[in-house]
1. Rounded, prolate or oblate: which fits segment 108-173 when a ≥ b ≥ c are the square roots of the eigenvalues of the alpha-carbon gyration tensor, with rounded for a/c under 1.5 and prolate only if a/b beats b/c?
2. How far is it, in nm, from the label point at GLN34 to the one at ARG203 when both lie 7 Å from their Cα along the line to the Cβ?
3. May I ask you to derive the FRET efficiency for ARG132 and GLN41 from their Cβ-Cβ distance with R0 = 25 Å, giving the value to the nearest 0.05?
4. Compute the long axis of helix 27-43 from its Cα atoms, compare it with the longest principal axis of the Cα atoms of the chain, and write down the angle in degrees, 0 to 90, nearest 10.
5. How long is the gain from HIS19 to TRP52 if the chain were fully straight, where each residue apart is worth 0.36 nm and the alpha carbon distance is subtracted?
6. How large is the helix-only mean residue ellipticity at 222 nm for the chain, computed as the sum of -39500 (n - 2.57) over DSSP H runs with n ≥ 4, divided by its residue count, in deg cm²/dmol to the nearest 500?
7. What is the sum of charges, Lys and Arg at +1 and Asp and Glu at -1, for the other residues whose Cβ falls under 13 Å from the Cβ of PRO129?
8. As I understand it, the value is the acute angle between the Cα axis of helix 95-105 and the longest principal axis of the Cα atoms of the chain; what does it come to in degrees, rounded to 10?
Amino acid sequence: MPVIANFPFVLSVDELLRHQGRAAERPEVKVLAQRAIDEAQRLAAPAVVYEWFPVRAVEGGTAQIGDALLHLGPHADLLAFACEALVSVCTIGKALEERVQTLSADNRLLESYLLDTAGVIALGAAGEPISRIVEDEAARRGWGISRALSPGSLAGWTISDQKALCALVDLTAINVTVTAAGILSPHKSGSGLIGIGPDYTARHTGSTCQFCELRQTCQFRH
């Protein structure tokens with residue numbers, strides 16, 4: 001099962017500051033934001049495990065991906081054109097979140113918050129190789145691509161289904177575990193799937209922000 005680990009990535013302080021609203025105008029916040037980015041760049045250890053699976057059936061809010069029956073809910077039709085799907089789990093490891101906890105325990109709350117936010121950005125960067133793999137494979141076949149779907153992010157696809165999704169890949173290869181409730185550990189980890197097929201028109205991976213229950217409040221929506 002393919003694994004990509006310790007690949008280079010670059011984090012932007014401007015992206016971190018964009019999520020801080022008017023506070024980003026304060027000189028001390030700019031200094032701490034740069035420190036958070038530098039620390040996240042040092043602490044994050046990105047790793048991805050993935051595998052391709054046939055999409056056997058999409059009906060009644062469910063999708064059969066390989067041997068897993070996933071309960072995607074009302075937006076299962078986003079996979080209606082998929083012939084195959086790439087299932088992946090990515091992580092940035094546990095060092096960053098341990099540092100966040102230390103800063104919080106020391107009552108350095110702004111630093112803790114900024115580093116935690118930088119960790120979210122780093123996790124997004126950790127998933128970028130998956131988008132490239134899917135886009136390259138779809139282009140090779142002359143196919144299109146679905147949106148990237150994740151339990152807990154796609155409205156109607158609950159996090160309780162995460163265990164079934166993650167069972168399709170070897171989590172031990174990237175030192176990730178999943179609880180019975182569907183929580184990934186380390187917490188800066190994420191799972192998802194992307195479908196490809198000849199009837200999709202998109203050539204690049206799209207988000208499901210418009211289908212997310214947090215779409216009105218999430219600071220990372222796009």
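The values are calculated or read from the model by the stated rules, or taken from the named source; none is laboratory data. Keep in mind that what you see is a predicted model, and the values were worked out from it rather than measured. Note: ideal-geometry Cβ built from the backbone for every residue, glycine included; neighbour counts use all protein chains shown. Protein only, heavy atoms only, side chains kept; ligands, DNA and RNA dropped before computing areas. Shrake-Rupley method; radii C 1.70, N 1.55, O 1.52, S 1.80 Å.
1. prolate
2. For GLN34 paired with ARG203, the spin-label model returns 3.9 nm.
3. For ARG132 and GLN41, the calculated efficiency is 0.75.
4. Once rounded, one gets 50 degrees.
5. Computed gain between HIS19 and TRP52 is 8.5 nm.
6. That calculation yields -10000 deg cm²/dmol at 222 nm.
7. Result for the local shell: -3.
8. Between helix and principal axis, roughly 40 degrees.
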